[in-house]
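Below you'll find the structure, written out as structure tokens, and then a few comments.
The values are calculated or read from the model by the stated rules, or taken from the named source; none is laboratory data. Computed from a prediction, not measured in an experiment: that's the story for all the values here. Glycine also receives a Cβ, built like all others from the backbone with ideal geometry; neighbour counts cover every protein chain displayed. Just so you know, the surface numbers come from the protein's heavy atoms only, side chains and all, with ligands and any DNA or RNA stripped out. Shrake-Rupley method; radii C 1.70, N 1.55, O 1.52, S 1.80 Å.
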Amino acid sequence: MSRQVELQVRLELLSDTIFGSGHSIPGGEDIAVCQDENGYPYLKGTTFKGLLRESMHDLLEWSGGPTDTVEALLGKEGWTGTAGGRRLHLTPLTLEEKPEESETCYDHRTFTSLENDVVKTGTLRSAMCICRGQKFIGKIFCEEQDVSLVRESALGIKWLGTMRSRGFGHVKVIAEPVKAQKTAFPAVGATHCLHYTLYTETPVSMTDYNRSGENSWDTHGCIAGSAVRGMAASLLAQREPDWFAANKIALLTEKTRFLSAFPVQNDNPAVLPSLKGFYEQKDGSDFRSVLEDGEISEGSKRADVGSFCTIENGVLHYWNARTGGSQRIQRGADKTNIFQTRSIDAGQRFDGYILLDDASIAPKLAEVLCGTVWIGADRYDGMGKCRMSIEACDAPAYRRYGSMQRHDNNKVLYMLALSPLSMTNEYGEPCGINWDVLAENLGVASVKSEFSSTSVSEYGGFNRQWGCHTPAVRMYDAGSLFKISFDGESPDEAHLSAIEQSGLGLRRAEGFGQVLFLSESLFGSIKAKQPVEYTAAPRRQNMAELRRKRLTWIMEQCEKKFAGDISDSQLGSIQAICEEHKHKADILQKLNGFFAHNAEKGEQTSSKFAKMKQLVNTVLSHPSEPWMENINTTERVQLLCDLFDHSRKEDAGHGNV
């Protein structure tokens with residue numbers, strides 16, 4: 001296997017460029033650009049990969065090289081195979097140096113179509129473009145043997161983005177090798193429980209087939225244990241083939257269980273899937289669980305408790321993973337397909353666990369999984385890059401809701417499905433919960449289900465080795481809850497902990513069938529809920545929204561006859577001062593000086609300018625509109641100039657600005 005090399009990609013805009021997002025902004029531009037959550041532009045990994053593919057194909061065709069190399073490095077349409085050693089990984093391209101205000105990255109352009117050398121009616125459209133001179137950076141990871149080809153192909157990218165035939169999108173792309181920097185991770189010894197942490201550095205797609213459609217692909221809000229298991233098996237098969245061959249039975253059977261990783265908030269890894277069965281009144285009062293007595297209060301509705309939670313002092317703290325979406329185009333030989341995808345946003349932490357019956361497997365697993373990993377769908381298309389770390393632990397952190405809260409007399413327990421759950425009956429058919437088998441595993445005579453709150457979905461899979469779907473099984477969703485009781489003796493701690501360690505039912509190797517037994521005292525203490533809010537970096541107002549507010553304010557002022565009785569020439573004098581001094585600190589002083597000079601001409605002249613003076617001082621010193629407080633003095637002066645222009649055009653009978 002060839003050594004992998006990291007290339008630093010630098011992209012410089014030689015002209016204004018449009019990284020089209022595929023969306024239009026209502027009331028704003030018809031062609032919008034790709035922006036991150038803070039409003040800065042970026043080039044999607046899928047777009048960059050398409051440009052690289054086109055350039056590489058042309059290069060090999062012109063130079064007489066083997067064009068099948070393109071598919072070996074960049075894949076082909078409908079690919080469903082296993083991980084290939086030569087496949088490229090790449091990241092989105094982001095700004096190398098981000099300005100303090102994201103709006104300074106853009107310019108606004110308008111276009112029309114001509115018909116007989118006259119503007120065609122209804123063809124006015126606008127586009128947001130990224131200003132020339134800005135530089136973007138990203139990464140390509142390739143095999144050492146492919147470095148030269150990849151660098152030449154990147155250099156061949158000269159134009160990109162929307163409307164490149166009109167002079168937009170002229171770029172310069174350079175890819176340079178980066179000296180590898182190895183990160184030392186603490187050695188992990190033999191253990192029965194590994195705690196792994198994933199930090200998403202690019203968006204990650206965990207396709208949720210139950211919520212996806214023909215032209216849209218949704219995502220789960222967690223990192224699936226089956227995905228971690230597949231990644232581990234692939235890495236071990238490539239890097240340690242002899243070890244993998246000797247240990248694959250222990251690794252890929254239910255002796256090793258890969259649990260899903262949940263998003264972590266406030267550095268608390270004891271995360272649970274949100275508990276089902278809670279109801280509340282429409283005003284948020286009377287928050288309680290239907291499992292207490294099976295009754296639902298009149299007028300109540302299902303409480304919004306997100307997808308993940310922690311329990312602290314009787315309060316259910318809940319949240320969702322942050323996700324985003326993008327519109328993409330699949331270009332095939334027969335047709336072009338436009339579709340939408342959702343993915344887990346970058347910049348989040350996910351914690352999960354690997355439970356092992358054979359503790360000797362742990363050191364090798366930790367060795368191959370620590371560092372940079374690629375996981376999920378579209379991991380060869382600029383997504384799925386994560387930083388992963390692993391440490392040994394005695395037990396998963398969420399167990400503190402179980403064994404630490406339970407007591408010897410567990411006459412009533414609440415069984416929580418931490419992952420999709422389904423057991424089998426005596427004929428080997430999925431049956432939901434097999435109560436007889438559960439009682440046997442708990443070491444009791446019988447188990448009675450008093451109340452439950454559940455939902456059910458189908459869970460399938462895809463075997464890339466064989467290129468086919470695995471059978472789908474109907475299972476209880478994570479978060480499903482069962483209130484169970486026992487007629488005779490209650491189960492002891494040893495039996496409860498054994499089930500929490502091994503799980504129940506089907507597909508436990510993929511992390512399914514994991515349960516947690518909550519005590520009646522802990523569950524009964526939950527009397528309130530509290531959302532955990534994500535605090536994003538401050539972002540200025542959306543530009544399209546700001547333009548709408550500006551135009552609305554201008555038209556409202558014209559309707560109010562803001563200029564009073566002053567003439568167009570006098571209004572022009574005020575605008576001339578604004579244009580001359582709008583970038584200077586003394587703009588308000590100059591304008592008030594002009595008003596003071598006219599006041600000296602008499603009371604009648606002074607009264608003519610009184611309304612205008614009040615408007616100018618309000619806009620520049622004490623804005624009456626909240627949105628004005630978020631724009632600087634220069635922008636407020638420009639707002640006044642736009643108002644004066646619009647007023648004169650209305651007077652001349654030109655209508656709108």
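Quick notes on this one:
- Pair-distance profile P(r), taking every C-alpha pair of segment 400-530, with 10 angstrom steps and integer %: 12, 42, 31, 11, 4, 0
- Amide proton proximity set for Val473, modelled H, under 5 Å, gap of 5+: Tyr459, Gly460
- Here the ratio of the Cα radius of gyration of segment 538-651 to 2.2 N^0.38 Å is 1.07.
- Total formal charge among the other residues, if their Cβ is under 11 angstrom from that of Thr17, Lys/Arg +1 and Asp/Glu -1: -1
- 14 Å beta-carbon shell around Ile223, net charge (K/R +1, D/E -1): +1
- Per residue, the convex hull around the alpha carbon atoms of segment 402-446 comes to 92 Å³.
- Note on the chain: with neighbouring protein chains present and a 1.4 Å probe, carbon and sulfur make up 47 percent of its accessible heavy-atom surface.
- In degrees, nearest ten, helix 45-63 long axis to first principal axis of the chain (Cα): 90 degrees
- Look at the alpha carbon pairs under 8 Å that are at least 6 residues apart: their mean separation over the length of the chain gives a relative contact order of 15 percent.
- Per-q log10 I(q)/I(0), segment 540-604, q = 0.26, 0.28 Å⁻¹ (Debye; single scatterer per alpha-carbon; no solvent): -1.13, -1.13
- Of the whole protein surface, Ile137 contributes about 50 Å² of accessible area at a 1.4 Å probe radius.
- Under the combined filter of DSSP loop state and at most 15 neighbouring Cβ atoms within 10 Å, segment 396-498 retains these trypsin sites (Lys or Arg not before Pro): Lys411, Arg464.
- Fully extending the segment from Thr69 to Ser446 would add 129.4 nm, taking 0.36 nm per residue of separation and subtracting the current Cα-Cα distance.
- Of the residues Tyr427, Tyr40, ranked by 1.4 Å probe accessible area with the largest first, the sequence reads Tyr427, Tyr40.
- Candidate values (i) 30.7; (ii) 28.1; (iii) 29.4, label of the one derived for Kirkwood radius over Cα pairs in Å: (iii)
- Net charge of Cβ neighbours under 14 Å - reference Glu458; Lys, Arg +1; Asp, Glu -1: +1
- Loop-located trypsin sites (Lys or Arg not before Pro) across segment 552-654 with a Cβ neighbour count of 13 or fewer within 10 Å are Lys560, Lys561, Lys584, Lys601, with loop assigned by DSSP.
- Residues of segment 506-532 with amide N under 20 Å of a point placed 7 Å along Cα→Cβ from Glu295: 524-528
- A full extension of the chain between Lys76 and Thr633 corresponds to an added length of 195.2 nm, given 0.36 nm per residue minus the alpha carbon distance.
- Val315 accessible area, 1.4 Å probe, all protein chains in place, Å² to nearest 10: 40 Å²
- Angle between the chain longest axis and helix 568-581 axis [Cα atoms, degrees, rounded to 10]: 60 degrees
- If R0 equals 25 Å, the separation of the Cβ atoms of Thr121 and Arg166 corresponds to a calculated FRET efficiency of about 0.70.
- Note on the chain: with charges restricted to the Cβ of Lys and Arg (+1) and Asp and Glu (-1), its dipole about the Cα centre is near 1480 debye.
- Long-range tail of P(r) for segment 4-177 (Cα pairs > 25 Å, %): 40 percent
- Solvent-accessible heavy-atom area per residue, rounded to whole Å², over segment 4-177 at 1.4 Å: 49 Å²
- Ordered from highest to lowest accessible area with the whole protein assembly present and a 1.4 Å probe, Ser502, Ser289 read as Ser502, Ser289.
- On Cα atoms only, tilt of 543-559 relative to the major axis of the chain in degrees: 40 degrees
- For Val315 and Trp435, a Förster radius of 25 Å and the Cβ-Cβ distance give a FRET efficiency of 0.15, rounded to the nearest 0.05.
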